[in-house]
Amino acid sequence: MSVYLGIDIGTSGTKTLAVREDGEILASATFEYPLSNPQPGWSEQNPEDWWTASADGVQAVLQQGKITPESVRGIGLSGQMHGSVFLNKQQQVIRPALLWNDQRTALECQEIESRAGGRAALIEMVANPALTGFTAPKILWLRNHEPKHYEQLTQVLLPKDYVRFRLTGEYATEVSDASGTLLLDVRHRCWSQALLSRLEIDPALLPKVYESEEVSGHLSASAAKRLGLPAGVPVVGGGGDQAAGAVGNGIVSRGVISATLGTSGVVFAHSDEVQIDPDGRLHTFCHAVRGKWHVMGCVLSAGGSLQWYRNQLGQPEKATAEAMGVDPYVLLNAEAAQAPAGSEGLFFLPYLTGERSPLNDPHARGAWIGLTWRHGRPHLVRSVMEGATFAMRDCLEVTKEMQIPVGEIRVSGGGARSPFWRQLQADIYGQPVSTINAEQGPAYGVALLAAAGTGAYKDVVEACQATIRVVSQTPPDATAKARYDAAYPVYRQLYRSLKNDFPKIEALVTG
Ligand code: ADP
C-alpha cells in the first residue's frame, strides 16, 4: 500500500490527511492555533505554531490510520495564501508572520502601483492589481516601518513554504501560491524581474519556484525523527489553498468550474491559456496543474450574509431550531422556500464587508431594496440567499466574458449542503450544478499532487480522474431561471446606482 500525506496550513488550524493511492482517506487530524490582532486591521501568526501543528498532525494520522511509516511515499503542502514569513541569515523567524487578511498595507499598495508605472502596467507584469492582503506590499511595509528587521531579512516565505523549509531544509515554493505574492510573472511562471527591480526588492530574498507536482525536496533526518517517518520522503510543491482546493474538487480541465459558497464565496475556473482581465476584476493565477492557469473571483460575504441574517434577525428560528434539535439554517431554508423565486421584487446587496470580485470596492455596503408591505420574513431570508448567489453569478459572468467556458459547475461549501440553496444556485446560474464525492478540500488536493508527483499517476489530472466523481446533479427550474434572468440585470444596476453614495455613507460613520 502507498500512502500520501496532505497538509493544509489554514488560518484557524492545520489539517493533515493520509490518503491511499486510490483516493481513500485513511485518517485525518486538525490542530488549531491562535491568531493575533496586535492593532486594528493587523493579523499575525507565529510560524512555529504551523510547524508544531503540522508535525503533530502527521504523528496523529500515522497513529489513527495505523499506517506503517515506510508506506508513506510523498507529502504535499497547502496553506493560507499571501502570508509573509521573514527569515534572517540564521534561518530564524524575524517577527510574527503577516497574514492574507492583514489590512495594514494600503499605502504600500499605492507605492507598488506608482513604482510599477500605474495599475495597467502592474497588471501587465504580474496579472493582478495590488491588494492589501498580497505579499509584495507586506515586504514593502517591513522596509518602510521596521527597517531594522528589513536589514536582517534574507528570505521571504509563504506559510506552507515555511513548513516545507522545516521539513526539508529547502527554500522553495510553487507557482500557484507564488502567484499570490504579486511578484510572479504569471504568464511565464517565474519571478517578475521587471517588477522586483522597480520595487528594489533583491530577487535573492525569494525561494526557488517549482511546478506544483514537482518534488521540491526530501524529508531531512531531524524532521523525519520529529514526524515519525523515514528520512528522504519526497515533498512535492503542493499549492495555495485555492488551487489545491480546486484540485481536490477535480477542477483540472477546461470548462469545469467550482462555486464554493462558504462564509466567503469563490468562483474558480481552470484555464488552458493565460487569460488576464485588464480591469483586474478576477484574479489570474498559475494553477497547480502543470502549465495551466486559473481565474478566480472572491465574494466576501456570500454564506456570511446568511450567517449575519441568522445572528441578527433569525432569533425566532434559532429558538425553534434549538427546541427541535435541528440546525437553524435548516429552518431558514424552509422559510425561504415559502417565498417565490425573485422574492416578489425584493433585492439584497450582500456587500456587508465591501466587495472583492468583481467590484473591487471596499466602500460598497449591503442593502435591501424594493421593500413593500407585502414582504415578510420568508422574503427577507430568501432575498439574502438570492443576493449572495447573484454576487457569485457576477463572477461567473466575468469568467464567460474572458472567453473561459462555463460547462459544469461543481458546488461546495456550507451553501451546497442545503438542497434548497443548491437549487437556488442552479436557477440563478442558469445551468445544472453538481456535487462530488470528495469534501476534504486543499489537504486532499495536495495529497493527490504528491501521488502524481511521485509516480502513482501520470499527472494530477489522471489522479483526479481516478479518485473524484460526481454524485449529484441539480438542473435549473425553467420558471425560476426565467425570473432570475430578468432580475439579474436589475441587481447589477443597483450597485452601479449606489456606488457613489457608499463612500458618503461610510463618511457619516467614520466622520
Ligand atoms: P467556512 O466558509 O466558514 O469554512 P462553510 O463552508 O461551512 O464555512 O460555510 C458556512 C456558511 O454556509 C454559513 O455561513 C451559511 O451561510 C451556509 N450554510 C451552512 N449550513 C447551511 C445549510 N444547512 N443551509 C444553508 N446554508 C448553510
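With respect to PRO38, determine if the residue is in contact (Cβ under 8 Å) with a residue 60 or more places away in the chain and either out of contact with any Ser or Thr (no Cβ under 7 Å at 6 or more places or on another chain) or open to solvent by less than 10 Å² (accessible area, probe 1.4 Å) (or both). Judged against the criteria, PRO38 is not a match.
So that you can scan it fast, the table gives a plain yes or no per residue for (1) at pLDDT 95 or above; (2) hydroxyl-bearing (Ser, Thr, Tyr); (3) assigned by TED's automatic domain parsing to the domain that holds GLY76:
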{"position": "LYS400", "(1), (2), (3)": "yes, no, no"}
{"position": "ILE409", "(1), (2), (3)": "yes, no, no"}
{"position": "SER412", "(1), (2), (3)": "no, yes, no"}
{"position": "ALA416", "(1), (2), (3)": "no, no, no"}
{"position": "ALA443", "(1), (2), (3)": "yes, no, yes"}
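Considering each of LYS458, LYS499, LYS504 in turn, give the residue that is among the basic types (Lys, Arg) and in contact with a Leu (Cβ under 9 Å, 6 or more places away or on another chain). Answer to the selection: LYS499. Any idea which residue in the stretch 167-192 is surrounded by the fewest Cβ atoms within 10 Å (Cβ to Cβ), counting only those that are under 21 Å from GLY245 (Cα atoms) and of a type in the set (A, V, I, L, M, F, W, C)? Checked the stretch 167-192; the qualifying residue surrounded by the fewest Cβ atoms within 10 Å (Cβ to Cβ) is ALA172. The residues in the stretch 241-265 that are assigned to a strand (DSSP E or B), more than 16 Å from the ligand (Cβ to nearest atom) and in contact with a Phe, Trp or Tyr (Cβ under 9 Å, 6 or more places away or on another chain) can be counted, and the count is 1. Please determine, by comparing only the residues of the stretch 353-385 that are closer than 20 Å to ILE428 by Cα and touching an Asp or Glu at 6+ places or on another chain (Cβ under 7 Å), which one is farthest from the ligand (Cβ to nearest atom). The selected residue is PRO358. Of the residues making up the stretch 147-164, one or more are surrounded by fewer than 20 Cβ atoms within 10 Å (Cβ to Cβ) and either among the charged types (D, E, K, R) or under 18 Å from LEU5 (Cβ atoms) (or both).
Among the residues of the stretch 193-209, those identified as buried (at least 17 other Cβ atoms within 10 Å of the Cβ) and touching a helix residue (DSSP H, G or I) at 6+ places or on another chain (Cβ under 7 Å) are LEU195, LEU196, ARG198, LEU199, ILE201, PRO207, VAL209. Only one residue in ALA487, ALA482 is small (Gly, Ala, Ser), outside any loop (DSSP other than H, G, I, E, B), surrounded by fewer than 17 Cβ atoms within 10 Å (Cβ to Cβ) and outside the structural domain of GLU174 (by TED's automatic domain parsing). Which one? None of the others qualify; the one that does is ALA482.
Report yes if some residue within the stretch 158-166 is farther than 23 Å from LYS15 by Cα and either under 25 Å from the mean Cα position of the chain (by Cα) or of a type in the set (Lys, Arg) (or both); otherwise report no. Scanning the stretch 158-166, I find no residue that is farther than 23 Å from LYS15 by Cα and either under 25 Å from the mean Cα position of the chain (by Cα) or of a type in the set (Lys, Arg) (or both), so the answer is no.
Selection of the stretch 84-108 for residues being in a loop (DSSP other than H, G, I, E, B) and among the aromatic types (Phe, Trp, Tyr) yields only TRP100.
Rundown of residues vs (1) touching a residue at least 60 places away in the same chain (Cβ under 8 Å); (2) touching a Gly at 6+ places or on another chain (Cβ under 8 Å), yes/no style:
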{"site": "TYR33", "(1), (2)": "no, yes"}
{"site": "ALA60", "(1), (2)": "no, no"}
{"site": "PRO69", "(1), (2)": "yes, yes"}
{"site": "VAL85", "(1), (2)": "yes, no"}
{"site": "ILE123", "(1), (2)": "yes, yes"}
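Tell me, please, whether a residue that is polar (S, T, N, Q) and either open to solvent by less than 10 Å² (accessible area, probe 1.4 Å) or touching a residue at least 12 places away in the same chain (Cβ under 8 Å) (or both) can be found in the stretch 133-146. Yes - at least one qualifying residue is present in the stretch 133-146. For the stretch 48-83, a residue qualifies if it is buried (at least 21 other Cβ atoms within 10 Å of the Cβ) and assigned to a helix (DSSP H, G or I), and the qualifying residues are TRP50, ALA53, SER54, ALA55, GLY57, VAL58, VAL61, LEU62. Is it true that PHE268 is hydrophobic (A, V, I, L, M, F, W, C), assigned to a strand (DSSP E or B) and within 16 Å of the ligand (Cβ to nearest atom)? The answer is yes for PHE268. Taking the stretch 386-466 and the helices (runs of 4 or more DSSP H) fully enclosed by it, the elements with 1 or more residues that are within 16 Å of the ligand (Cβ to nearest atom) and among the aromatic types (Phe, Trp, Tyr) are at 419-429, 441-453.
Total residues in the stretch 305-352 satisfying the condition of being away from the ligand (no atom under 11 Å from the Cβ), aromatic (Phe, Trp, Tyr) and farther than 20 Å from TYR491 by Cα: the figure is 0. The number of residues in the stretch 352-369 being part of a loop (DSSP other than H, G, I, E, B), on the phi > 0 side of the Ramachandran plot and either surrounded by 17 or more Cβ atoms within 10 Å (Cβ to Cβ) or outside the structural domain of LEU396 (by TED's automatic domain parsing) (or both) comes to 0.
Would you check which residues across the stretch 309-335 are within 21 Å of ALA367 (Cα to Cα) and not in a helix (DSSP H, G or I) and list them? Hit for the stretch 309-335 is GLY314, nothing else.
For the stretch 296-311, the condition holds for at least one residue, the condition being that it is touching a helix residue (DSSP H, G or I) at 6+ places or on another chain (Cβ under 7 Å) and open to solvent by 30 Å² or more (accessible area, probe 1.4 Å).
The values are calculated or read from the model by the stated rules, or taken from the named source; none is laboratory data. Keep in mind the model is a prediction, meaning the values are calculated, not measured. In this analysis, Cβ positions are derived from the backbone assuming ideal geometry, glycine residues included, and neighbour counts consider all displayed protein chains. The accessibility values were calculated without ligands, DNA or RNA, using every heavy atom of the protein model including side chains. Shrake-Rupley method; radii C 1.70, N 1.55, O 1.52, S 1.80 Å.
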